[in-house]
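Scroll down for the structure; my scribbles are underneath it.
The values are calculated or read from the model by the stated rules, or taken from the named source; none is laboratory data. What you see is a predicted model, and the numbers here were worked out from it, not measured in a lab. Glycine gets a Cβ as well: all are built from the backbone with ideal geometry, and neighbour counts include every protein chain shown. Just the protein is used for accessible areas: all its heavy atoms, side chains included, with ligands, DNA and RNA removed. Shrake-Rupley method; radii C 1.70, N 1.55, O 1.52, S 1.80 Å.
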Amino acid sequence: PRHGADVAPRRLPDPDARPRPDGTGVRLVVNPGSGPALAAPPTQALREGLPGAAVVELGEGDDLVEVLCEGCDDDVVAVGAAGGDGTLNSAAAIALDRGVPLVAVPAGTLNHLARDLELESVDDAVAAVRAGTVTRMDVGLIDGRPFLNTASFGGYTEVVDAREALEERLGKWPALALALARVLRRLEPLPVEIDGRERRVWLVFVGNCRYSPDGFGPSWREELDDGLLDVRLVDGGHPFARTRLVLAVLTGQLSRCAPYEEWTCDRLEVRSLDGPLRVALDGEVFDAGRHVVVEKRPKALTVCVPPT
């Protein structure tokens, strides 16, 4: 949809907790490696729009978290980053730890979080800082690590990568069907225990808040503070599960396909039965432990958003 979530902006009540209109009190890190290859990083635009802010562009080999924390003293009232969803997720961990608002500057390829927050451009982020308006959103946690959009394990990330490679030529839904067929053909089910039930799963998606639409094309959220986890999976334990799943996608009958399940909850317990669990977290992949808890911190993160 053209609109994002209902973010209900409000002005920070304490003037000392608000950034100054010129950006004083804000520390921003720019990831020049984010976004389309030919797009220039928004470093100069941020320095011009927020002349009082500390805007640092990452150099080769720099660690975003270290650079963002270097200048974080008691005068810093907001921290943020310009980049994609993985970059913003890293900055959000610092904002959570310090208890200050996150400034999210959309400068990635897809900008899922910024889009849901109705932050369409660098100008929107600048306007949010100048106005001192914020909203509060839920944070998901998996193995103790925060995520703002999605976490996944199994072959979900492979499906997304394959779909995006085909989407420009075939369109989204044909590309998704072909991607599923290709990935499922070679993918082996992952043995796990989910909430005490032993499963063999191919694909597992966990969203921070309820995503729309249903099925394997989750794209946007109507709310960012509903307290829910959105769980979608494909169970490889059903007879002819590969064939049934691909046919269901092609015919629009995914909701009636036995191998596919989706539900919402506020906590999920996952135990890997085959070594450490490989998890993709807002675009970043890491090895979690064998026993992983996915849970929520309701309205834990304050994010700068443009005034209504």
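Observations on the structure shown:
- Dmax and Rg, reported as Rg then Dmax, of the chain (C-alpha, Å): 20.1, 62
- Rounded to the nearest 20 debye, the dipole size of the chain about its Cα centre is 1080 debye, using +1 on the Cβ of Lys and Arg and -1 on the Cβ of Asp and Glu.
- Think of the chain as having a plus end and a minus end, set by charges on the Cβ of Lys, Arg, Asp and Glu; of 308, 239, 204, 239 sits farthest toward the positive end of this dipole.
- Debye equation applied to the C-alpha atoms of the stretch 107-203, log10 I(q)/I(0) at 0.21 Å⁻¹: -1.12
- Sulfur and carbon atoms: percent of accessible area, the stretch 199-303 [1.4 Å]: 49
- Value of relative contact order over the stretch 24-80, rounded to a whole percent, pairs C-alpha under 8 Å and six or more apart: 53
- Compactness of the stretch 196-308 - radius of gyration and Dmax, Cα, Å: 15.9, 53
- Top positive-direction residue, dipole computed over the chain with Cβ charges, set 77, 109, 132: 109
- The residues of the chain have, on average, 46 Å² of accessible surface per residue, using a 1.4 Å probe with all protein chains present.
- Portion, in percent, of the accessible area of the stretch 36-107 that falls on carbon or sulfur, probe 1.4 Å: 47
- Per-residue surface analysis assigns residue 90 an accessible area of about 40 Å², computed on protein heavy atoms at 1.4 Å probe radius.
- Relative contact order (%) - the chain, alpha-carbon pairs under 8 angstrom, separation at least six: 22
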